[in-house]
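Structure first, then comments.
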Amino acid sequence: MKNIISNINKAFDHRVRLGIMSVLMVNEHADFTSLKELLGVTDGNIASHIKALEKKGYVTVEKSFIDRKPNTRYRATKTGRKDFQKHIDAIENLLKQQRPQP
Amino acid sequence: MENEKYVQDLSDIKQMMNRSSRFISLSGLAGVFAGGYAIIGAIVGKVLLDGHNSAIDSLSPASMDGEILTRLFLLAIAVLLLAIGTAVFLTTRKAKKTNEKTWDNTSKRLLINFFAPLISGGIFCLILWQYNLIGLIAPAMLIFYGLALIHASKYTFGDLRGLGYANLILGLIATQFLSYELYFWAVGFGLFHIANGIWMYNKYDRKNA
């Protein structure tokens, strides 16, 4: 039981961060605008959550220009993917344990 | 309660993964229409062939009539264009209703992954025609269409995978029964489409309609 709880990752314990990681798990990369549209939150909100994930080493940021417009791409790192999967597994295990048999 | 929050988290994760990687505005009704066009196309094809006393089961060049092949080719193109046109129209309409974008990363990815195998198949069928291996064209269409659907199913509703495998297997079987290939073609592109379209329409569209 203790083990399971320790796998629940505080870094992902927010709806926006959860969303960002979910998108980056199934897409090679995503840009700022599409993340914003998918999650339906404000620029500043997304930026601060990405910064938090970046600090943890879970996402990388690539800035480039497409048609002379700045474009920012985000990718999940290997560690990010591994830890997020652990986080999902931990939640699933926790729910399984608390509801023994249906 | 903690528990509920985690249940909500899991469903958020799943929904976000799907919405960001799969194109979900595809209309089930489009499949029904495509199937209908295919059956009409097969009937017209049969009439054309009977009128000409030709058969398309032949693998030998001498027995084929060039003019009828051109007509069948145009017929097939017409069916394809009608099906695609209807699909685009219905899908755009559905996307508007549910406030989703029609042209975004998910739809681009879906189209690329659907058309890459499909266009290769189309070119391959033209090559079969070039070498007069007419009998193999209908089975090859089914096989390549099946592969295209299996490939595309990763980028939209997973339900397309079943339709893909069904067409693929049907195409392979059809290679062994060349005199019945028009019927196989009508079953694959017609009946299977309609069945799958109705299934998808009931599952995804009806509650929004």
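What to note about this one:
- By the Stokes-Einstein formula, at 1.002 mPa s and 20 °C, the protein assembly as shown with its Kirkwood radius over alpha-carbon pairs has D equal to 95 µm²/s.
- Under the combined filter of DSSP loop state and at most 15 neighbouring Cβ atoms within 10 Å, the stretch B:120-209 retains these trypsin sites (Lys or Arg not before Pro): B:R206, B:K207.
- Residue among A:K63, A:K78, A:K51 with the largest mean-square fluctuation in a Gaussian network model of chain A, springs linking Cα atoms under 10 Å: A:K63
- Taking 16 Å as the straight-line reach from the Cα of A:K36, the lysines in range (excluding those fewer than 8 positions away in the same chain) are A:K51, B:K101.
- Across the stretch B:135-147, computed HN-Hα scalar couplings (Karplus, 6.51 cos²θ - 1.76 cosθ + 1.60, θ = phi - 60°) run x, 8, 5, 4, x, 5, 4, 4, 5, 5, 5, x, 5 Hz from first to last residue, x flagging Gly and Pro.
- The residue among A:N9, B:N132, B:Y204 whose Cα reaches farthest toward the positive pole of the charge dipole of the protein assembly as shown, with charges on the beta-carbon of Lys, Arg, Asp and Glu, is A:N9.
- Annotation for B:L111 and B:R71: the two label points, set 7 Å from Cα along the Cα-Cβ direction, are 3.5 nm apart.
- Helix B:105-130 axis, angle to chain B major axis (alpha carbon atoms, nearest 10°): 10
- Among A:I20, A:I66, A:I46, residue whose mean-square fluctuation peaks in a GNM of chain A (springs only between Cα atoms under 10 Å): A:I66
- Extending 7 Å from Cα along the Cβ direction at B:T175 and again at A:D31 yields two label points whose distance is 4.3 nm.
- Assigned charges on the beta-carbon of Lys, Arg, Asp, Glu; chain A dipole about Cα centre (debye): 300
Every number here is computed from the coordinates shown, using simple stated rules; none is lab data. Computed from a prediction, not measured in an experiment: that's the story for all the values here. Virtual Cβ from ideal backbone geometry, glycine too; neighbours counted across all protein chains shown.
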